[in-house]
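**Q** Take a look at the following structure, please.
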Amino acid sequence: MLERFTWFRQSAMRWSGDGATVYIDPWGTREEDPPADLILITHAHFDHFQPEEIARLSTGSTKVVAPRDVALELSGAVTAVGPGESHEVAGVRFTTVPAYNVREERLEMHPRANRWVGYVLELGGATYYHAGDTDHAPELDDVRTDVAFLPIGGTFTMDASEAAGLARAIAPAVAVPMHFGFVVGSPSEADRFRREAAPVNVEVLAPVDPFEQA
């Protein structure tokens, strides 16, 4: 279920298939990467919202989906979203999921009041949850998905143990760690996530960009 995905860095993903190219939080994409039919942004932080990359990946037909504060900074075919919505854009059906911090030391990093999001996308006959930047918020236990992309880096989001707890709670067929090895979080955290998420199956993607953390 991951063969159509490319991981660039942090939480930047691309899905290609069925005549569509979908990017989520593109950062670290290359000049030769194909243009987007759909770009989804989870929130306003620089490691998720790169206006120059969005512009480079866009054509006259590209659709963009983003939280309302981010959408205000963009032009063109932009759909503004908040948590708890269902949409179909560029032929892709998805729902939006809350993404915010609950740990006291992180509350101001991703406040619930910002109404930032994760996405549950229907792609190629399967469902994929991209969590964005979040802690294990109580609403997330209700997510149902075949594949869950979860941040594990800590500091700004869940760490590997907390993300493993969310993986066990939602029990996807596959859990995939992201948001580690670059700004924060050692690459070795993926191994801890794998151990602690058991019995959930964990698969680790290799990023296009080299890890920056030891």
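**Q** Could you work out the pair-distance distribution P(r) of the chain from its alpha-carbon pairs, with 10 angstrom bin width and percents rounded to whole numbers?
**A** 9, 38, 40, 13, 0
**Q** Take the Cα gyration tensor of region 88-140, multiply each eigenvalue by 5, square-root it, and list the three semi-axes largest first, rounded to whole angstrom. Please report the intermediate quantities before stating the final value.
**A** Values: eigenvalues 129, 22, 10 Å².
Working through the eigenvalues yields semi-axes of 25, 11, 7 Å.
**Q** Amide H to amide H, which residues 5 or more places from Ala148 or on other chains are under 5 Å from it, using H placed in the peptide plane?
**A** Tyr129, Val174, Ala175, Val176
**Q** Also, I was wondering about something else. Under unit Cβ charges (Lys, Arg +1; Asp, Glu -1), what dipole magnitude, rounded to 20 debye, does region 28-131 have relative to its Cα centre?
**A** 320 debye
**Q** Could you tell me how many degrees, from 0 to 90 and to the nearest 10, lie between the Cα long axis of helix 160-170 and the main elongation axis, the longest principal axis, of the Cα atoms of the chain?
**A** Relative to the chain, helix 160-170 is tipped by roughly 80 degrees.
**Q** Now, a different point. Quickly work out the Phe46-to-Asp18 label distance, labels modelled 7 Å from Cα along the C-beta direction, and quote it in nm with one decimal.
**A** 3.7 nm
**Q** Report the full-extension gain for the segment Asp141 to Leu2: residue separation times 0.36 nm, less the Cα-Cα distance, to one decimal in nm. Mind dumping the intermediate values first?
**A** Numbers: separation 139, 0.36 × 139 = 50.04 nm, distance 2.25 nm.
Length gained between Asp141 and Leu2: 47.8 nm.
**Q** About its Cα centre, how strong a charge dipole does the chain have in debye, to the nearest 20, once Lys and Arg get +1 and Asp and Glu get -1 at the Cβ?
**A** 260 debye
**Q** Once R0 is set to 25 Å, what does the formula 1/(1 + (r/R0)^6) return for the Cβ-Cβ distance between Val183 and Ala55, expressed as a FRET efficiency to the nearest 0.05?
**A** 0.65
**Q** Can you tell me the length gained on complete extension of the stretch Arg68 to Val208, counting 0.36 nm per residue apart and subtracting the Cα distance?
**A** Taking 0.36 nm per residue and subtracting the Cα distance, the gain is 47.4 nm.
**Q** HN-Hα J couplings of region 203-209 from phi, Karplus 6.51/-1.76/1.60, θ = phi - 60°, integer Hz, Gly and Pro as x?
**A** With coefficients 6.51, -1.76 and 1.60, one gets 10, 10, 7, 8, x, 5, 7 Hz.
**Q** Going by the alpha-carbon gyration tensor, a ≥ b ≥ c the square roots of its eigenvalues, is region 1-92 rounded (a/c under 1.5) or, if a/c is not under 1.5, prolate (a/b greater than b/c) versus oblate? Mind dumping the intermediate values first?
**A** Values: a/c = 1.36, a/b = 1.21, b/c = 1.13.
Taking the square roots of the gyration eigenvalues as a ≥ b ≥ c, region 1-92 is rounded.
**Q** Another question about this same structure. Using a basic spin-label model with each label point 7 Å from the Cα along Cα→Cβ, how many nm lie between Asn201 and Ala80?
**A** Taking the two extended label points, one gets 4.1 nm.
**Q** A follow-up question, please. Among Ala36, Ser16, Leu2, which residue has its Cα positioned farthest towards the positive end of the charge dipole of region 1-48, with +1 placed on the Cβ of Lys and Arg, -1 on the Cβ of Asp and Glu, and the dipole taken about the Cα centre?
**A** Checked the options; the winner is Leu2.
Values in this text are rule-based calculations from the coordinates and carry no lab data. All of these numbers come straight from a predicted model, not from anything done at the bench. Every residue, glycine as well, gets a Cβ built from its backbone with ideal geometry; the counts of neighbours run over all protein chains shown.
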